[in-house]
1. For region 90-206, what's the relative contact order in percent, using C-alpha pairs closer than 8 Å and at least 6 residues apart?
2. By the gyration tensor of its Cα atoms, with a ≥ b ≥ c the square roots of the eigenvalues, what is the shape of region 6-79: rounded for a/c under 1.5, prolate for a/b over b/c, or oblate?
3. If you build a Gaussian network model of the chain, linking Cα atoms that sit under 10 Å apart, which residue out of 30, 95, 151 swings the most?
4. When only C-alpha pairs under 8 Å and at least 6 residues apart count, what is the relative contact order of the chain, in percent?
5. Given 20 °C and 1.002 mPa s, compute D for region 105-207 with the Stokes-Einstein relation, Rh being the Kirkwood radius over Cα pairs; round to the nearest whole µm²/s.
């Protein structure tokens with residue numbers, strides 16, 4: 001797998017040139033890729049190594065989450081090559097190949113905090129997810145017992161990249177809980193550190 005990092009990604013994008021496919025959510029206009037993420041549009045210009053939002057909402061988003069977005073968007077252009085995650089098997093990020101140890105320590109996802117934030121506020125969870133272009137109430141098709149979640153949101157951090165966030169509300173017997181499910185095949189497309197960026201890009205704006 002390629003060495004991760006923004007500079008390395010920019011270089012690889014220029015090397016690939018026309019080999020980078022134009023797929024749904026990714027167009028090439030005026031020397032730049034048009035890239036859609038979480039319901040917002042961005043302009044990625046390899047020539048001058050800039051990423052520009054299409055509107056004020058995107059500008060605020062980038063001011064807060066540029067590290068995660070930049071790494072995901074650039075490496076998605078490099079690595080996806082038009083191959084989208086296969087529908088079917090969904091797993092927690094820790095369930096991806098080789099990921100169990102990775103998603104610990106500084107790479108722990110803020111799911112406990114998300115559960116505390118929305119443990120008694122399903123409507124707030126739904127409103128926030130929809131503001132990020134999410135489809136709410138979408139039940140993951142192969143999530144097993146996760147179908148019992150009280151709330152669910154399907155977000156798209158990159159074109160064709162589905163990420164589910166699930167919420168269980170607090171009750172008299174159990175505390176609130178949140179989880180995330182990703183396509184197992186995403187681990188074939190992206191390196192783990194970029195997948196982590198994608199997960200964080202979905203979760204942090206929910207707060």
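What follows draws every value from the coordinates through simple rules; no lab data is involved. Fair warning: this is a prediction, and the values are worked out from it, not measured in the lab.
1. 31 percent
2. Working: a/c = 1.77, a/b = 1.40, b/c = 1.26.
Since a/c reaches 1.5 and a/b is larger than b/c, the shape of region 6-79 is classed as prolate.
3. 30
4. Values: 348 pairs, mean separation 51.3, N = 207.
Normalised by residue count, the contact order of the chain is 25 percent.
5. Details: Rh = 13.9 Å.
Reported coefficient: 154 µm²/s.
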